[in-house]
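No lab work stands behind these numbers, since they all come straight from the coordinates. All values derive from a computational prediction rather than experimental measurement. All Cβ positions, glycine included, derive from the backbone under ideal geometry; neighbour counts span all protein chains shown.
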Amino acid sequence: MALTDDEFREEYKPLYIPAHFEIRDTQQNKIVFALAQLGEGSAEDVIKKLETLQPGLTNEQLKAITKTVLADLYDKGLLKGEEHGGQMRYNLSKITEANAGSTDAGEALTGLS
């Protein structure tokens, strides 16, 4: 089934990262917030973080939802992930190191003649 332009934009819009944890927020926003707090982690790490943010929140349904949300966001390219020891570790693709390249516009470019 093909998506309309509007459906595509809604489905693949940039990931919203909440500034703070809200008990009444959507499960996806809670999960993304927990991952942002961790920087990087597995679904189990995110579930543990959710438990510290809202004790008593986690149950089997939330565990399944967390794994599904993370995998779905990864499949859409909204999260990065790498498998380590048979477990997927997700991150928000933040740049954490400065670019070592030059930004001098006057510097000669090689290979572009």
What's the FRET efficiency of N91 with E7 using the Cβ-Cβ distance as r and R₀ = 25 Å, to the nearest 0.05? 0.35
Residues with beta-carbon under 15 Å from that of T26, excluding T26: net charge, scoring Lys, Arg +1 and Asp, Glu -1? -1
In order over segment 23-40: 3J(HN,Hα) from phi, Karplus 6.51/-1.76/1.60, θ = phi - 60°, whole Hz, x for each Gly or Pro, gives 4, 8, 6, 5, 4, 4, 5, 5, 5, 5, 4, 4, 5, 4, 5, 7, x, 7
Whole-percent tail of the Cα-Cα distance distribution for segment 21-73, cut at 18 Å, equals 15
Using Cβ contacts closer than 10 Å as the measure, can you line up F33, F21, F8 from fewest to most? F8, F21, F33
Would you work out the charge dipole size for segment 22-91 about its Cα centre, treating the Cβ of every Lys and Arg as +1 and the Cβ of every Asp and Glu as -1, and quote it to the nearest 20 debye? 100
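Multiply the residue gap between E83 and F21 by 0.36 nm, knock off their C-alpha separation, and tell me the result in nm, one decimal place.
Once the chain is fully extended between E83 and F21, it gains 19.6 nm.
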Quick one: I31, I65, I17, fewest Cβ neighbours within 10 Å first, how do they rank? I17, I65, I31
